[in-house]
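**Q** Submitted below is the structure of interest, expressed as structure tokens.
Every number here is computed from the coordinates shown, using simple stated rules; none is lab data. Predicted, not measured: the structure shown is a model, and the values here were computed from it. Using ideal geometry, Cβ is built from the backbone for each residue, glycine included, and neighbour counts are taken over all protein chains shown.
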């Protein structure tokens, strides 16, 4: 190796080390930033028609906010019918589906809806960043949608509206909770950060695994922040006690005990007793209809 080549190698090693630090983007990207804002990124919840009203009541009692009126329509590219309600809360938003027909595959496997500035640009950027487009763009009654899959199996909907929505910012941005294996975690982080123009704000290699139901052990915990909101990545060996891994979103609440009380008073079940690993009180809660979420007290984690 000549001196010039060796110098270039040293520079590349230094750059890689710098980009791996918390607070630095993992990879630079020439793709456009298609994010709009965390208040437009909704958790997708599928319930039965019989559970829809109870779910809405419990969510709004727990977090505040309000729900849209129910509408029955076809939101998919194939024949189907669903009752749909959008729930806006200061802690996060929910797209809630109660299908009146069987749910066509692969719908129901996506976890989150991300509003984008332009659908074709977003799909192109996702592909260029390493994602697989598992449902090609299609029209729904109010816009266009697609579903993309990232390394490790994480699927998200991309959506765009004919008339741009206008929602108030959230008081607290929820965590999109993603469980990955060590085989795919680094690949996922690199590709999602490139697509989202995000940054790694924490990468803890020895986090207290009591947070995922395994006290006395440790795991890797990565936090990403981007225009699509917060993402919390749990890198595990898959040995997860119930209900860990079934939850999709973690919500910050101003008064932890009061929020749990409001949730249980309106039909929710606390699945794990509140604990305080990694600097924040946390509990797993199951809402009417089966939706599982994590609640934490808002302290830095």
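**Q** What percentages make up the Cα-Cα pair-distance distribution of segment 140-285 when the bins are 10 Å wide from 0?
**A** 9, 36, 34, 19, 2, 0
**Q** Using every Cα-Cα pair within segment 230-301, state what percent have a distance larger than 14 Å.
**A** 60
**Q** Who wins for biggest fluctuation among 161, 246, 273 in a Gaussian network model of the chain, springs between alpha carbons below 10 Å?
**A** 273
**Q** Continuing with this model, one more query. Can you give me the angle between helix 119-128 and the longest principal axis of the chain, using Cα atoms only, in degrees from 0 to 90, rounded to the nearest 10?
**A** Long axis of 119-128 versus the principal axis of the chain: about 40 degrees.
**Q** How far apart, in nanometres, would the label points at residue 187 and residue 275 be if each is projected 7 angstrom from Cα along the Cα-to-Cβ direction?
**A** Each label point lies 7 Å from its Cα, and together they span 3.1 nm.
**Q** Which value results when the Cα radius of gyration for the chain is divided by 2.2 N^0.38 Å?
**A** 1.03
**Q** Determine the gain in length on full extension of the stretch residue 246-residue 168; use 0.36 nm per residue of separation and subtract their C-alpha separation, reporting nm with one decimal.
**A** Here the answer is 25.2 nm.
**Q** If you don't mind, there's one more thing I want to ask. What is the spin-label model distance, in nm, from residue 54 to residue 265 if the labels are put 7 Å beyond Cα along the C-beta direction?
**A** About 1.9 nm, to one decimal.
**Q** Here's something else I'd like to know. Out of every Cα-Cα pair in segment 44-192, what percent are more than 20 Å apart?
**A** Percentage above 20 Å: 53.
**Q** In nm, to one decimal, how far is the modelled label at residue 136 from the one at residue 210, with both set 7 Å along Cα→Cβ?
**A** Going by the 7 Å Cα→Cβ label model, 5.2 nm.
**Q** Name the most mobile residue of 107, 195, 287, meaning the one with the largest mean-square fluctuation, in a Gaussian network model of the chain with Cα contacts below 10 Å.
**A** Maximum among the listed residues: 107.
**Q** Also, quick follow-up: How tilted is helix 52-63 with respect to the longest principal axis of the chain? Cα atoms for both, answer in degrees (0 to 90, nearest 10).
**A** Taking the Cα atoms of the chain, the angle to 52-63 is about 60 degrees.
**Q** Quick one: helix 185-196 against the long Cα principal axis of the chain, what's the angle to the nearest 10°, folded into 0 to 90?
**A** Value to nearest ten degrees: 80.
**Q** Which of 201, 178, 148 moves most in a GNM of the chain, Cα contacts under 10 Å?
**A** Highest fluctuation among the options: 201.
**Q** Work out Dmax and Rg for segment 151-237 from the C-alpha atoms and quote the Rg first, both in angstrom.
**A** Gyration radius and largest Cα-Cα distance of segment 151-237: 14.8, 51 Å.
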